[in-house]
Every structure is written in C-alpha cells, then in structure tokens.
Amino acid sequence: MDEIARAGRPGPSGTRGIAEGPSLLIVGPTGTGKTHQAYGAVRSLLAAGVRLRWEAVTAADLYARLRPRPGLDAERELHTLTRCPLLVLEDLGAAKGSEWTEELTYRLINHRYEYLRPTLLTTNLAIDDLRTALGDRVASRLSEMTHRVILGGPDRRRTPAA
Ligand SMILES: Nc1ncnc2c1ncn2[C@@H]1O[C@H](COP(=O)(O)OP(=O)(O)O)[C@@H](O)[C@H]1O
Ligand SMILES: [Mg+2]
C-alpha cells in the first residue's frame, strides 16, 4: 500500500491523488481478515493525505447492480466502476458464475489493467481456482497487475477474541 501512496501526485492544494499505481490481490479463506485489510489500506491512504474517490463492491453486488433491467444504463454503471480512482472489489470468484459474469468481470479488470488503476481485490480462491471461476483472461491479468498478499490462520469470526 505504501507503493500506492508513493504513486500519489501532488494536487493543486498540496493534497495527493492517485492516477496510476499497483494493485493488491488479498487471498485467504473466509474470516482471515481480507476485508479488514482492504479497508485498512484505504484508511492508510486517506490518513497519508491521498485524496481520492473510492468505491467498494462485492463481486456478487456488482453482478446484481449491472444485471440488465428496464431503465438501467449498464454501460454507464460499468464505466463508473472502470474509471473509479480506487476500487475495492471483494469476494472475487465467490458468486455463481456464468458467461455473462465472466465477460463483465473481464471488461472491468481489463480496463483497470490497461489504465493501471489501483484496485484492491479480495478472494478466497487460489489463483488456479480463480482461473477456473473467471477464465484465463482475467486470471492472467490479475497475475500481472497485482501484488499478492496471502492471509492464513483461523476464521476470526469463529474464534472468540482473547
Ligand atoms: N487484524 C484484525 N484485528 C482484529 N480483528 C480483525 C482483524 N482482521 C479481521 N478482524 C475481524 O475478523 C472478522 C473477519 O474479518 P474479515 O475482514 O471480514 O474477513 P474476510 O473478509 O477474510 O472474510 C471481522 O469481524 C473483522 O473485524
Ligand atoms: Mg470479506
């Protein structure tokens, strides 16, 4: 995350925003703290004075949000997410997939890959399982564009705090 903060550029008022930078893939079983770490990273950036628009969405909510329905401009919704300066995309590969979800995921990830837009991804799938769930095109871009952080340990939701 420090790298993302360092990628910050001075803005007009001396605050920093980020345009391009590294992305993270936080991998681990359920309850190991992936969401906690992703939001912690966003908090660190804000605390470091980086001013940016950010958005968080789970893959399941992404698909629900873009599912075609009357009155929805799905391209516009997708455009908002592809352009978001910092996107937290959670639980990748956890939702039931289809050709449509695979294509949508590909378009989102590919755009962020091409424009080097910082993206924090969480998943409980290993990269090979992500490949099966989301296809080669997505897995190969994720391999290249992300630093991988592997979390282990017990499910913190099931382990009472000491
Ligand atoms: N480093 C941490 N210190 C204290 N509590 C934590 C930490 N990481 C996670 N937790 C807590 O453990 C639970 C599971 O964490 P979460 O980030 O939701 O896991 P995941 O996204 O991997 O399923 C949450 O209640 C969260 O607040
Ligand atoms: Mg989570």
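Observations on the structure shown:
- Contacts under 6 angstrom Cβ, first residue in segment 139-154 being more than 9 Å from residue 28 (Cα to Cα), partner open to solvent by 50 Å² or more (accessible area, probe 1.4 Å) and more than 16 Å from ligand 2 (Cβ to nearest atom), 6 or more apart: 139/131; 141/113; 145/113
- Taken over segment 66-94, the residue count meeting the criterion of being surrounded by 15 or more Cβ atoms within 10 Å (Cβ to Cβ) and either free of Cβ contacts under 8 Å to residues at least 40 places away in the same chain or out of contact with any strand residue (DSSP E or B) (no Cβ under 8 Å at 6 or more places or on another chain) (or both) is 9.
- Hits in segment 80-114 - residues which are farther than 15 Å from residue 38 by Cβ and of a type in the set (Val, Ile, Thr): 80, 82, 101, 105, 109
- Hits in segment 102-126 (condition: among the polar types (S, T, N, Q) and in contact (Cβ under 8 Å) with a residue 40 or more places away in the chain): 105, 119, 122, 123, 124
- Matching entry among 61, 128, 155 (being assigned to a loop (DSSP other than H, G, I, E, B) and either in contact with a Cys (Cβ under 7 Å, 6 or more places away or on another chain) or among the acidic types (Asp, Glu) (or both)): 155
- Hits in segment 104-115 - residues which are open to solvent by 80 Å² or more (accessible area, probe 1.4 Å) and either assigned to a helix (DSSP H, G or I) or charged (D, E, K, R) (or both): 107, 114
- Any pair with Cβ under 7 angstrom, 6 or more apart, that starts in segment 21-40 at a residue that is part of a strand (DSSP E or B) and ends at one that is open to solvent by 20 Å² or more (accessible area, probe 1.4 Å) and near ligand 2 (Cβ under 8 Å from one of its atoms): none
- Segment 36-45, residues that are near ligand 1 (Cβ under 10 Å from one of its atoms) and surrounded by fewer than 17 Cβ atoms within 10 Å (Cβ to Cβ): 36, 39, 40
The values are calculated or read from the model by the stated rules, or taken from the named source; none is laboratory data. As the structure is a computational prediction, the values presented were derived from the model and not from experiment. So basically every Cβ, Gly included, is an ideal-geometry build from the backbone, and we count neighbours across all protein chains shown. The accessibility values were calculated without ligands, DNA or RNA, using every heavy atom of the protein model including side chains. Shrake-Rupley method; radii C 1.70, N 1.55, O 1.52, S 1.80 Å.
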